[in-house]
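Laboratory data are not the source of any read-out in this text; all were calculated from the coordinates shown. Please read all numbers here as calculations on a predicted model, not as lab measurements. FYI the Cβ positions are ideal-geometry reconstructions off the backbone, even for glycines, and counts take in every protein chain you see.
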Amino acid sequence: MKRRRTRRARKDKGREMRKITRRSATASASESVRQGVKRHHKKARVDFIDSGCTTLNLALSGKGKDGGWPRGRISNIVGDGSSGKTLLALELAFSAFKNILKIKSQIFGKPKKLDIYYDNIEGVLDFPIEDMYGEEFVEAVHWERSKHFEAMSRKFIKKALSLKKREAMIYIIDSWDSFQSAKSKAAFLEAVKTDKELKGDYDLIVQKYASRKFFPAFCDIMNENKIDATLIIISQVRSKIGITYGKKQYRAGGKSLDFYTHVVPWIAQVEKLKKKKKGREKVYGIRSAVTVERSKVAKPFREAEFIILYDYGFDDINSMIDYLWGKKDIKFKGEEFKRKELIRYIEEEDLEDELRAETERVWQDIEGAFEDEVKKRKRRY
């Protein structure tokens, strides 16, 4: 269908539709109050930090615009190479940098200060971060590289304990697999220096230290949401050799990561996105899928896909379009669009929030269909 509406007319219609949407939302809220609906007044047990991607938010928390990574909790991002693990952490940090000081948390209040620490144990981070997120963000982040696991543990706990009321901290570990214990590192360097074989077994020191000291210490200060400290751990997927049944992939770190983490999304690359320009085909991004294999803050085993563009980050609009319409004809706000046309329309008219609302509505509609089955069961109280 050929669209003849001028840009000014489209803007006028967009403004009018937003007014209608707001009036409708207000009316719905009033009706809920009249009917005595209490679920909107429940005290929140956990707040969330926007991931930067609506479909990922829904998988992680069951919420779209107000969802994402659990705040004041431990999240473990697990994935294979080039699936987007580091970018997920960077997008989280950037989203918090832009928004967290503007939002009043139901649990922690409106923070006056945010400290972001990116502990890059691997020592290499070749993303064009300044081009993607700006100089101001790069200067605001504390880029660290801990010498060994024990040093990181002490540093993190010390910084968490020093947080005052209405101060927030996000600490990212990239990656857990790269950590050595102090003894293991010293022993190896001594073996290099003397050109002799290592003596002793140092393989499980990190796992034991994490399980018996680091995580229990964090749980103590995390208790009852007293500290606004969020920990993000990145882990690399490993493969079991010779396995003919059961899960063939795992992540290192021992059982403590299974026990103490609150959200564990597994990320995998689904597709390389390619385009041909000037007679040459190049990969310009990837499509990745997430499966939330563990969650203490929402329903587990939720899945979603998202698009990552190189040197840019999440393509949230395209990811939502894929979720809502896939390869089908696109119909938005009563009009038919081609994909590029819709993206341009949404960006020009500032309709991202309306697209997010529609994405969340469809997600919750599907979730509700399953919840109805449970509601049919006899109450247990």
**Request:** Among Ala93, Ala140, Ala168, determine the one that fluctuates most according to a GNM of the chain built with springs between C-alpha atoms less than 10 Å apart.
**Result:** Ala140
**Item:** Calculated FRET efficiency for the pair Phe127/Ile330, C-beta based, R₀ 30 Å, to 0.05
**Value:** 0.40
**Request:** Quick one: work out the % antiparallel among DSSP beta bridges in the chain, nearest 5.
**Result:** 55 percent
**Message:** Just to be sure I understand the model, the point goes 7 Å from the Cα along the line to the Cβ. What's the resulting Lys226 to Ala357 distance in nm?
**Reply:** 4.1 nm
**Prompt:** In deg cm²/dmol and to the nearest 500, what is the mean residue ellipticity at 222 nm of the chain if only DSSP H runs of at least 4 residues count, each as -39500 (n - 2.57), divided by the residue total?
**Reply:** -12000 deg cm²/dmol
**Residues in the stretch 69-84 that a label on Lys155 would reach, taking backbone N under 11 Å of a point 7 Å out along Cα→Cβ** = none
**Complete:** Ranked by GNM mean-square fluctuation in the chain (Cα springs under 10 Å), the top entry among Glu167, Glu150, Glu271 is Glu271
**Asked** For the stretch 123-265, rounded, prolate or oblate, judged on the Cα gyration tensor with a ≥ b ≥ c (square roots of eigenvalues), a/c < 1.5 rounded, else prolate if a/b > b/c?
**Response** rounded
**Item:** Highest to lowest packing among 75-81, 256-262, 108-114, scored as the average C-beta count within 10 Å
**Value:** 75-81, 256-262, 108-114
**Item:** D (Stokes-Einstein, µm²/s), Kirkwood Cα radius, the chain, 0.890 mPa s at 25 °C
**Value:** 105 µm²/s
**Message:** Helix 182-194 against the longest principal axis of the chain: what's the angle in degrees, Cα atoms only, rounded to the nearest 10?
**Reply:** 60 degrees
**Taking only Cα atoms of the stretch 169-228, radius of gyration then Dmax in Å** = 15.9, 51
**Message:** Give me the percent relative contact order of the chain, please, defined on Cα pairs under 8 angstrom at least 6 residues apart.
**Reply:** 21 percent
**Request:** Just the number, please: Stokes-Einstein D of the stretch 316-366 in µm²/s, Kirkwood Rh from C-alpha pairs, 37 °C, 0.692 mPa s.
**Result:** 297 µm²/s
**Fill in**
Expressed in nanometres to one decimal, the distance between label points 7 Å along Cα→Cβ at Phe301 and Asp201 is 3.6 nm
**Prompt:** Shape of the stretch 76-162 from its Cα gyration tensor (a ≥ b ≥ c, root eigenvalues): rounded if a/c is under 1.5, otherwise prolate when a/b > b/c, or oblate?
**Reply:** oblate
**Complete:** About its Cα centre, the chain carries a charge dipole, from +1 on Lys and Arg Cβ atoms and -1 on Asp and Glu Cβ atoms, whose size in debye to the nearest 20 is 1460 debye
